[in-house]
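Bear in mind that the values in this text are calculations on the coordinates, not laboratory data. What you are looking at is a predicted structure, and each value in this text was computed from that prediction instead of being measured. All Cβ positions, even for glycine, are placed from backbone atoms using ideal geometry, and neighbour counts span all protein chains on display.
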Amino acid sequence: MPQQVQAVIAPGKDEPVRVETIVIPDPGPGEAVVKIQACGVCHTDLHYKQGGINDEFPFLLGHEAAGVVETVGEGVTDVAPGDFVILNWRAVCGQCRACLRGRPWYCFDTHNAEQKMTLLDGTELSPALGIGAFAEKTLVASGQCTKVDPEVAPEVAGLLGCGVMAGIGAAINTGQVGRGDSVAVIGCGGVGDAAIAGARLAGAAKIIAVDIDDRKLETAKKMGATHTVNSRATDAVEEIRALTGGNGADVVIEAVGRPETYEQAFYARDLAGTVVLVGVPTPDMKLELPLLDVFGRGGSLKSSWYGDCLPSRDFPMLVDLHQQGRLDLAAFVTETIGIGDVEQAFARMHDGAVLRSVVVF
């Protein structure tokens, strides 16, 4: 039978979020109902609330989550009731041209649950990134459930569902940071700090953190930055070059999503170096660069969507690294909060006071 649970709804553009009762249908073919244990408060949820993604209000917010599979629908064989899972928003199809070419992290036909969750009056909800996990339970496609070791804490595991995976993947998967490389990360929020952690995992010799907030730069040091640059006080490009023998970094990761910082990343890389854009721009932003500079500098300009991750491969691996003490995922959790505290968490996020607030159920 359909279930009624408590969840966080964004009713309209820039309106405060509120906790309401929603209806979760029984899972249909290929679907699963997951009992949520923890869900991180991500900037993407704030973008949904502000109308920066689309205008399909009301939204059921939350997507950076971990929990336990409660029930599954017909034909589901990859997960079963009782499995501890991290939710992902890239449930690959296995059949599109990207998947068939052996590049499933680029899947062009990812899927979500077919059925809709609703308010009590029947109003259909738009789940954030096809998940909607600021809720006691949610309905997803079974492919959005990635099994991991149940011994890992849910508030830590869930962060791999979005921001931490995006940053680590930007360094390791997209940027292909290697041993001895120099890396600069512009923007030291949750994604940027994850990119720093990923660069350290990959064996980078020099990791330069760039931000305008000294608090964030201090945190970046704890994540593995070897050098910091406050770009409010000094020219970031010149500082990065000075720290890399005048050449620029081998890999520069832009984790802000603004034309100004992308231009810094472009000119702060070494000749034939790599720029990775993982920060999310808004639709109105434009980038202008001299085409001759794009041609003359060579190298690669890449975008990283979800860290070019394959959840079935990357989530269990990163959980293992955390449990071995090689990746401190707990360092990303600034605070744990209740379901009614999300609006306040957005305010703290905007002020730069937290790395991650995590709703615990």
* Structure fact -> Semi-axes in Å, largest first, for the chain (Cα gyration tensor, √(5λ)) are 35, 21, 19
* Structure fact -> Bridge orientation stat for the chain from DSSP, antiparallel percent rounded to 5, came to 55
* Using only Cα positions of segment 204-361, each an equal point scatterer, no hydration layer, compute I(q)/I(0) via Debye at q = 0.17 Å⁻¹ and quote the log10 values to two decimals. => -1.24
* Report the FRET efficiency, 1/(1 + (r/R0)^6), for Ser303 and Thr123, where r is their Cβ-Cβ distance and R0 is 35 Å, rounded to 0.05. => 0.50
* Asked: Based on the alpha-carbon gyration tensor of segment 45-84, what equivalent-ellipsoid semi-axes (square roots of 5 times the eigenvalues) come out, in whole Å, largest first?
  -> 30, 12, 7
* Of Lys206/Lys302; Lys49/Lys216; Lys35/Lys216, pairs whose Cα-Cα distance is over 30 Å -> Lys35/Lys216
* Which order do the peptides 195-205, 313-323, 181-191, 295-305 take when ranked by the mean count of other beta-carbon atoms within 10 Å per residue, highest first? => 181-191, 195-205, 313-323, 295-305
* Asked: Per Stokes-Einstein, at 20 °C and 1.002 mPa s, what whole-number D in µm² s⁻¹ belongs to segment 207-252, with the Kirkwood radius over Cα pairs as the hydrodynamic radius?
  -> 202
* At a Förster distance of 51 Å, what's the computed FRET efficiency of Asp235 paired with Ala347, Cβ-Cβ distance as r, to 0.05? -> 0.95
* Mind checking the full-extension length gain between Ala98 and Ser312? Use 0.36 nm per residue of separation minus the Cα-Cα distance, one decimal, nm. => 75.4 nm
* Asked: Taking the Cα-to-Cβ direction at Gln324 and at Leu291 and moving 7 Å from each Cα, how far apart do the two end points lie in nm?
  -> 4.7
* Structure fact -> Taking every other residue with Cβ under 12 Å from the Cβ of Ala10 and scoring Lys and Arg +1, Asp and Glu -1, one gets -4
* Burial ranking of peptide ranges 249-259, 331-341 (average Cβ count within 10 Å, highest at the top) -> 249-259, 331-341
* Relative contact order %, segment 245-361, counting alpha carbon pairs below 8 Å whose residues are six or more apart -> 18
* Structure fact -> Simple spin-label estimate for Glu218/Arg179, 7 Å along Cα→Cβ, in nm, reads 3.5
* To do: Starting from the Cα of Gln3, step 7 Å along the direction of its Cβ; do the same at Asp284; then give the gap between the two resulting points in nm.
  => 4.2
* Where trypsin sites (Lys or Arg not before Pro) fall in DSSP loop in segment 320-361, at most 15 other Cβ within 10 Å -> Arg326
* Structure fact -> One quarter of the C-alpha convex hull surface, i.e. the mean projected area of segment 134-178 in nm², amounts to 4.5
* the chain, relative contact order [Cα under 8 Å, separation at least 6], % -> 17
* To do: Compare the peptides 9-17, 28-36 by average per-residue count of other Cβ atoms within 10 angstrom and give them in order, highest first.
  => 28-36, 9-17
* Structure fact -> Among Phe108, Pro127, Val210, the residue whose Cα sits farthest towards the positive end of the charge dipole of the chain (+1 at Cβ of Lys and Arg, -1 at Cβ of Asp and Glu, taken about the Cα centre) is Val210
